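Worksheet for the structure shown next.
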Amino acid sequence: MKQVLEGSMAIADGVRMAEPHVISAYPITPQTHIVEHLSQMVADGDLKAEFIMVESEHSAASVVLGASACGVRTYTATAAQGLLYMEEVIYNIAGMRLPVVMTLANRAVSAPINIWNDMQDAMAIRDTGAIMLVAENNQEAYDMHIQAFKIAENRDVMLPVIVNVDGFVLTHTFEVVETIDSIDKVREYLPPINMEYKLDVENPYSFGTLGEPSVYMESRYNMYNAMKYSSKTIIDAAKDFKNMFGRFYGGLTDTYKMDDAQTVIVAMGSVLGTIKDVVDELRDSGKKIGVLKIRSFRPFPEEEIVNALKNAKNVIVIEKAICPGKGGILSVEIRDSLFKHKINTVNVNGYTIGLGGRDITPKNIKDLVERAEKEENVDGEFIGLSQQYL
Amino acid sequence: MDFKVGIISMPGAALSNKTGSFANETPVFKHKACTGCNLCIYFCPEGVIYGDKKTKIYDFDPDYCKGCGICAEECPVDDIEMVLVEK
Amino acid sequence: MLTKEETRNELFTMGHTGCSGCAQSMSVKLIMEILGKNTIATSATGCLEVFSTRWPESSWKIPWIHSLFENSAAVASGVEAALKYMGKKDGINVIAQGGDGGTADIGLQALSGMFERNHDVLYICYDNGAYMNTGYQRSGLTPFDAYTTTSPSGKESFGNNRPKKYMPEIAMAHRIPYTAVSSAGYPMDLQKKVKKAMTIKGAKYLQVDVPCVPGWKYEPRYSVKLAQLAVQTGLYPLFEAEYDKIISVKKISKKVPVEEYLKLQGRFKHLFKDEAGRAEIEKIQKMADENIERYGLM
């Protein structure tokens, strides 16, 4: 059914369709509407779940950790400072191989305190062992949440999945979203959770034991391999979803107008909408330009990126994050992927833009396209700074 | 041992660890004045003491006893004595 | 009648690497005897977690999980929620465990949340009065004047300069249905309180005094003796409370001067060096006397 839904409502409804059994959360802007909607669904009996509103994000993640270890389906959501407070637990969830799904309403981190959108929060947890998917719009966010449970709970993956959605830009925006009418179809797509190891009085295993130097590395290696393997699961989950519900946004990446493209813009999340509009315009004026969308940031889709970019001349990486002391993050990883595959004909320029909710305009993008053709190896340069505050 | 899904231990697997090697001293149950009060069983931090209230015959499991001496210290009738382990 | 085979089948098995004379392992053994196999336990990071579950070993024969230092109560809240969802909560006990640091310091926020939400969980704090797992650093429950590696005694110091936090009263302030304080020195008291906690729905708090051989610096055989002296001096009052009301206290049969308790422990030996130390012992005696008065221990 097509409905005009606020992004948070679309996400909450996608989560509802996946039928999580235990939900725990702590309020933080811009995540609040998502958990408000979910708690209302539980209050109204539209979702049969235990909803635990806790005293901190650390406990929200810990509650879903404990519940997930019992073998039930779990969900939480947060943003920015809340995510940083949870980070310790996210490492733990991933290390214990628990298939928790969470939404990250991407927001700038403090200080200065700022509630608006960028992706610095997500970048802070990129090495936790959680799978990180990024939604471009609310329809994809709705669908991606259902896929996330399928990916997390795969027997050979068993890792938390974090679905990134841009705070406010997506969470608080009303768009037309096509929701799924049949819960039975979703159940067919997403079978009941079935964990091999869980806290169960009939099979009383011990979880979270001490991993001494003799075994710690192997444990991390197995997690590393599961993350690698999850690439296949993410693609399969997207394809299966297409077969059942008709919608598809690519597997690990997606491309837009990439045939013969000499200039390629790479980005994640909602900014892709603006970028695609600019590309349409530039294509109309005869420019050979295309877009590479990163849908899965972790696992990092190296092969797909290399295949998409190897014939390009100029690559522009649009990043709403910064690595102080280095520069870009996504741009560095892309350059490294190309280098590893001995491709040295592509000029990769990374720009930091839109931090703390600053608008990214079509003009910004067009300027970068022009600049990138004249510059080489730009690494995380700040775009659109106000000289009066420097 | 499958730990692909995180480091998980099997129930009670610690029994493979014979902590008796920790002990410098070891209890000797004299079986003279014992009243069968069971305090030695209660107070043993390892749970290695066993026996019978009726027959008042108690003993310990040398495979796991760490030789702390609490049983001897707490025995109300001094019926347990600690002796040095020869190593 | 307990046979050798049966001792090896205890729910908290031997083979763990706890120190010789550890009063914490003694208490866990006693508590598990009462709780039985239909129990799921969480543990905070700390001695118990480290010495009972060195992979691939485990002393637990019940489902057990350790996550982090400060979230034992929150993980247990999640376990309880999952059991409720599955309709299995009736008939399965959920316990959360932590040391004094994991409970009263770093874990206090999560514990307060668990209390306030009144999860049907028994939280057990094994109080050995310092961060023993990391090598005897002070915690909020370290007693007055105790030497620890971060509250050392010296020319300018008699050790820990603050009294112990009244953690059981913090629990009571949440108006949870049951709060109890017990001791490794009194196994029947401990088991009785666990038994009672199991009959009560909602959040329960049990604090157990567990002397620590290396941290308190005494001979292993004195673990029980010290636990009993802590009670008999009035320094560690044992009581039960329902909501905010104390409903029973363990009476002191014959009051023992605190000196008898202090002198057996290396962590207080600096108090026995000179007159200034004597004056400190007097202060500790006063604290014990105040406890006796306050809780009506005699």
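Assorted remarks:
- Taken over segment A:225-261, residues that are open to solvent by 20 Å² or more (accessible area, probe 1.4 Å) and touching a residue at least 60 places away in the same chain (Cβ under 8 Å) amount to 8.
- C:Thr17 being polar (S, T, N, Q) and open to solvent by 10 Å² or more (accessible area, probe 1.4 Å): yes
- The strands (runs of 3 or more DSSP E) found wholly in segment A:228-295 and carrying at least 1 residues that are of a type in the set (S, T, N, Q) and at pLDDT 95 or above occupy A:253-256, A:263-267.
Okay, residues lined up against (1) over 15 Å from the mean Cα position of the chain (by Cα); (2) open to solvent by less than 10 Å² (accessible area, probe 1.4 Å); (3) under 21 Å from A:Leu210 (Cα atoms):
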position: C:Thr53; (1), (2), (3): yes, yes, yes
position: C:Pro56; (1), (2), (3): yes, no, yes
position: C:Trp64; (1), (2), (3): yes, yes, yes
position: C:Val75; (1), (2), (3): yes, yes, yes
position: C:Ile92; (1), (2), (3): yes, no, no
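- Of the residues making up segment C:1-54, those that are outside any helix (DSSP H, G or I), in contact with a helix residue (DSSP H, G or I) (Cβ under 7 Å, 6 or more places away or on another chain) and among the β-branched types (Val, Ile, Thr) are C:Thr13, C:Thr17, C:Ile40, C:Thr42, C:Thr45.
- Of the criteria (1) touching a Cys at 6+ places or on another chain (Cβ under 9 Å); (2) buried (at least 24 other Cβ atoms within 10 Å of the Cβ), which one C:Val213 fails: (2)
- Matching residues, segment A:69-116, being without any contact (Cβ under 8 Å) to a residue 40 or more places away in the chain and either among the basic types (Lys, Arg) or surrounded by 24 or more Cβ atoms within 10 Å (Cβ to Cβ) (or both): A:Met86, A:Val89
- Meets criteria (more than 9 Å from chain C (Cβ to nearest Cβ), free of Cβ contacts under 8 Å to residues at least 40 places away in the same chain and assigned to a loop (DSSP other than H, G, I, E, B)) for A:Ser39: no
- Residue count for segment B:30-87 under the criterion of being surrounded by fewer than 14 Cβ atoms within 10 Å (Cβ to Cβ), part of a loop (DSSP other than H, G, I, E, B) and among the aliphatic types (A, V, I, L, M): the result is 2.
- Taken over segment C:226-251, the criterion of being open to solvent by less than 10 Å² (accessible area, probe 1.4 Å) and on the phi < 0 side of the Ramachandran plot is satisfied by C:Leu226, C:Ala227, C:Ala230, C:Val231, C:Thr233, C:Leu238, C:Phe239, C:Ala241.
- In segment A:50-68, residue nearest to the chain's Cα centre (by Cα) [restricted to those that are among the aliphatic types (A, V, I, L, M) and either crowded, with 23+ Cβ neighbours inside 10 Å or not assigned by TED's automatic domain parsing to the domain that holds A:Leu199 (or both)]: A:Ala61
- Some residue of segment A:181-201 being farther than 18 Å from A:Thr32 by Cα, within 14 Å of another protein chain (Cβ to nearest Cβ) and touching a helix residue (DSSP H, G or I) at 6+ places or on another chain (Cβ under 7 Å): yes
- Search result, residues across segment C:38-88 that are modelled with pLDDT under 95 and of a type in the set (Lys, Arg): C:Arg54
- Residue check for A:Asp121: assigned to a helix (DSSP H, G or I) and in contact with a Lys or Arg (Cβ under 8 Å, 6 or more places away or on another chain): yes
- From the options C:Tyr126, C:Tyr136, residue that is more than 14 Å from chain A (Cβ to nearest Cβ), at pLDDT 95 or above and open to solvent by 20 Å² or more (accessible area, probe 1.4 Å): C:Tyr136
- Reported count of residues in segment A:149-179, each being among the hydrophobic types (A, V, I, L, M, F, W, C), part of a strand (DSSP E or B) and over 17 Å from A:Ile93 (Cβ atoms), is 4.
- Residue among A:Leu65, A:Leu83 that alone is more than 14 Å from chain C (Cβ to nearest Cβ), in a helix (DSSP H, G or I), at negative phi and modelled with pLDDT of 95 or more: A:Leu83
- The residues listed here are A:Ile322, A:Ile334; of these, the one that is touching a residue at least 40 places away in the same chain (Cβ under 8 Å), under 22 Å from the mean Cα position of the chain (by Cα) and open to solvent by 10 Å² or more (accessible area, probe 1.4 Å) is A:Ile322.
- Test: residue in segment A:360-381 that is part of a strand (DSSP E or B) and open to solvent by 70 Å² or more (accessible area, probe 1.4 Å): yes
- The set of residues in segment B:13-29 that are at the interface with chain C (Cβ under 7 Å from one of its Cβ atoms) and not in a loop (DSSP other than H, G, I, E, B) comprises B:Ala13, B:Ala14, B:Leu15, B:Ser16, B:Thr19, B:Phe22.
The values are calculated or read from the model by the stated rules, or taken from the named source; none is laboratory data. What you are looking at is a predicted structure, and each value in this text was computed from that prediction instead of being measured. Note that each Cβ is placed from the backbone with ideal geometry, even for glycine, and that neighbours are counted across all protein chains shown. The area values use the complete protein model at the heavy-atom level, side chains included, leaving out ligands, DNA and RNA. Shrake-Rupley method; radii C 1.70, N 1.55, O 1.52, S 1.80 Å.
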